[in-house]
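Input: a single structure, listed below in structure tokens.
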Amino acid sequence: MSRLRHYIILLLFLGYAISVAAQTEIEVLDLDNPSLEEVVQELEKDYSLLFSYQQDLLKGIYVSLPTKKLDLDAFLFVLLENSDINYEIVQDNYIVLTPRKKENELTQIPEKKSLFCGKITCQLTNLPLPFANAYLSDAQTGISANDEGYFEFQSSYSDSDSIVLSYVGYVEQRFSASDFIQKDCPTIVLEHLELGEDFVVVTDYLTDGISLNNKGAYTKIRPQKVGALPGQVEPDILTTLQFLPGISSANGSPSSLHIRGGTPDQNLILWEGIPMYHSAHYYGMISAFNPYIMDEIDVYRGGFGAEYGGRVAGVIDMKSEDYQLRKTQIGLGSNFINAFANGQIALAKDKASAVFSVRHSTSELGRTPTYDNIVQRIHQGIILQNIKPGRLPREIDLKDDFKFIDSNAKISWKLSLKDELSIAGFYTNNDLESEVNNTQIGLRQTDSLYLQNQGLSLAWKRNWNERFSSQILALSTNYFYDYEYNIGIQNDNMPNKDGFKNSQITEKQLQWINNYQTNQNHTIKLGYQLSDYDIGFGITKQKGRRNETNENEKNDAYVHALHGTFTTNKEHKFGAEIGLRTSYFQKRKDIYWEPRLQFWYQIREGFQINANLGQYYQFLSQVVEIEGDQASITTPIWVLNARQDIPVLNALQAQLGSVYQKKSWLLEVQAYYKNLRGLTSLSLDFVNQLENRYTLGYARIYGIDFLVKKRWKNYRTWLSYSFGRVIYEFDDFFDEQFPAASDQPHQLNWVHLYKKNNWNFSLGWKLVSGTPYSDKDDFRVEEVNDPMMNQLSGEIVVPLSNQFNQSRLSMLHQLNASAAYTLKPKDEAWKAVFGLSLFNVYDQNNIYSRGFFIEQNEMMDAQLNYTNKLDLGFTPNLLVRFEW
């Protein structure tokens, strides 16, 4: 604990030191031929600024950036000098952008002067609005009010001129200058501005490229804008999601995403509308999604709308760039795990484009410390000893031959002013051969895995008019794997063990979606979705010639779904989104109703509360082996809930939360409750059993997430804490109520990010509750009969447990860091990025799983032993990337 205390003190000191070092002036921005919109977004994210402007005002405007460090006023003057846009700085960090009058539009101002004075107040509170703006539109002269809302200035004016009174967050007032001077310093009341889609306020949620959207209903991530996060050399998508409050990984792997108590298979992962069943390579340790082809990712931590179906936990909806690409870019690079190439090609400016990416493992060329640590982490369950990854004992020889490839491509066209077309496809392949030899006990195990996932989508969109549009999406995806292992022991009395698993999914979809906007700016969305599933799996375990487990299943079914959503005008302070999804499951001949409700209320500027309530159904899921063969490596088994004795997984979920943002502060709190029914577990006994059966249960999930973030110029920090419980109940199980294997009640994250010129630094500390496990205190010996020979075939030793998942592992904690440097020579069209990440800096032994086994051989009696599985220890990674 003393070492942990020292690291906490060090982290506090570093956070303080970095915040003190934050600069007040605006640095030279590293943007290549940027649009004015891009510059504004960059300033808002890095310098605590808030811009107010009409969205169309900035469209199509490209600017030249200042080439040296300047204060804000000088920076804006240089930036907008050659544009037709005026700027006005209000209260240091609020900037109002307005169109500039052209010379031929200016009115000749006669030699006529007058005194303009008045007081500006708020309609709701009747309090003065300090430092509000008062200016003459044509004469372009004015002043800011004092702290009592009073203004006074003398200026020339014309009879056609107007005086404009404005304040950030309020509706401006305009009066004829001639009429205004007839009044005796009047009091002007301003109404609150109801922020709509035309009024742009970019919300910096955690860091660059991460923001809240749709009244806080979901989080939008722009991977290519996300800087270096702790422990990452590049913006890895799955690990980036784990920085969001309420999303965690129980075993530390990228693919094990638990969204507010759900399991990974309960998340709907899409790319260009295609369901992705393979999310990470090498048994979940390496993300399968290349961040350099992803333009934006919408993440729903529950509470998603009626247009999404088939899952009960969360949605991760990924999209790539469309036809609006303006230039061609190519990127090449490598890290300690894979090499990659990606590109975006402007086939016709604003008319057609293509994007692509491909990654391939580099383990065939040479082994790196990162790869070796992952290999040994994966095989801990086979070795059956308490070892630390990276430190194998002499008697164990581990050989591993693993390779993967993933690729994505998308082509999009703007066929006409009203029609858009896109084609997208992906291909993923994993191939593994491994062998573990333990010379001390004479054990040899071989494992092999072949996995493939591929998909294709075709989307056509038509804008019939300004208010009505339609989209048709057709897609197909296929996922399958074959896994087998063999265990041989140099003992004539011990037969070999063999295991086989396979899982296969083919899904085809046809979607039709229509969007309509009413005259009151309410929106109506109506759609239809047809899904065709073909799913099968097989599990076989043998000992010698005897089958100990043989489970096979294959199903196919159609699911028809209708969905509709009505959304009120989002410019109003109070609003709602009311949706309904109705599904017909052809195999079961049942109809499922899924109402979805979302409400929001803007209490005041920067302060909003939101709530959602919904019913969700899931027709396919992964079978959970409560306790399977310790010798096998965990691989998922997908099943379709087509049998009448297996209920469809369903969840009733409610969420309530609020977001408060003021200047550089952000505070968020979200509470949730979920009642999950229809859980299915394929119960396999600890060693083996001859009869396998389905066990049915349900879960109670509840929790609350907190987030507080502060930003000082180019330094930001956030602290998040999540409390959550996942309690399972299986009436037919020997222990009816127990914590889920992923139940981690407490999770704390503290992150620091600092940007200086071309450098990005990050530091993060994480503290998480340990996962539950079932303690074993005794074992028994059972005789086993061979049903084929009708005689006694041997004995097995079975560990005994009185309670299930009632013990808990120690808390996990680690410090992660990363740094990245961007090299961009002046007047050159290329740039390079060099990154270094350090995972688990102080090499903490984090136990994420504990299993028990019976140790027996000719030299000793049978005895109960256990093995711990450790997450990665100190693991470095390095990135080199070139782009032109």
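The values are calculated or read from the model by the stated rules, or taken from the named source; none is laboratory data. Nothing here was measured: the structure is a model prediction, and the numbers come from that model. Don't worry about glycine lacking a Cβ; one is built from the backbone with ideal geometry, like all the others, and counts go over all protein chains shown. Just the protein is used for accessible areas: all its heavy atoms, side chains included, with ligands, DNA and RNA removed. Shrake-Rupley method; radii C 1.70, N 1.55, O 1.52, S 1.80 Å.
Quick notes on this structure:
- Across region 248-316, C-alpha contacts under 8 Å between residues 6 or more apart give a mean separation that, scaled by the residue count, equals a relative contact order of 36 percent.
- Between S448 and L65, the modelled label-to-label distance comes to 5.3 nm, taking each label 7 Å out from Cα in the direction of the beta carbon.
- A Förster distance of 25 Å, applied to the separation of the beta-carbon atoms of I181 and Q123, puts the FRET efficiency at 0.55.
- J(HN,Hα) series, region 700-707, from Karplus relation 6.51 cos²θ - 1.76 cosθ + 1.60, nearest Hz, glycine and proline x: 10, 10, 8, x, 8, 10, 10, 8
- Remark: region 579-591, residue by residue, has Karplus-estimated 3J(HN,Hα) of x, 8, 10, 10, 10, 10, 8, 4, 5, 9, 6, 10, 10 Hz, where x stands for each Gly or Pro and the curve is 6.51 cos²θ - 1.76 cosθ + 1.60 at θ = phi - 60°.
- Ranked by solvent-accessible area (1.4 Å probe, protein heavy atoms only, all chains present), the residues K525, K225, K183 order from largest to smallest as K183, K225, K525.
- Residues H572, H258, H281, sorted by accessible area with the largest first, give H572, H258, H281 [1.4 Å probe; ligands and nucleic acids excluded].
- L696 contributes an accessible area of around 60 Å² to the protein surface, as traced by a 1.4 Å probe with all chains present.
- Placed amide H near L415: partners under 5 Å, 5+ positions off or other chain: E420, L421
- Nearest-10 value in Å² for the accessible area of I210, using the 1.4 Å probe: 10
- Taken one residue at a time, the phi angles of region 403-414 give Karplus couplings (6.51, -1.76, 1.60, θ = phi - 60°) of 8, 9, 9, 9, 8, 9, 8, 8, 10, 9, 10, 9 Hz. Gly and Pro are set to x.
- Near L620, the amide H atoms lying under 5 Å from its own belong to N641; only residues 5 or more places off or on other chains count, and H is placed 1.01 Å from N.
- Accessible surface, 1.4 Å probe, highest first, among residues M811, M285: M811, M285
- Ordering of 302-310, 68-76 by packing [mean C-beta count within 10 Å, highest first]: 302-310, 68-76
- Centroid-to-centroid separation of region 586-616 and region 723-782 [C-alpha atoms, Å]: 28
- The amide H of Y62, built 1.01 Å from its N in the peptide plane, has L36 as neighbours under 5 Å, considering only residues 5 or more places off or on other chains.
- Calculated log₁₀ intensity ratio I(q)/I(0) where the Debye formula runs over C-alpha points of region 240-389, q = 0.10, 0.17 Å⁻¹: -0.46, -1.10
- Relative contact order [Cα under 8 Å, 6+ residues apart], region 125-186, whole percent: 29
- Linear extension gain, E152 paired with Q517, 0.36 nm per residue minus alpha-carbon span: 127.0 nm
- Dipole orientation for region 255-357: of the candidates S353, N267, Q329, Q329 has the Cα lying most toward the positive pole (charges on Cβ; Lys, Arg +1; Asp, Glu -1).
- Within the full protein context, the accessible area of R808 is estimated at about 90 Å² for a probe radius of 1.4 Å.
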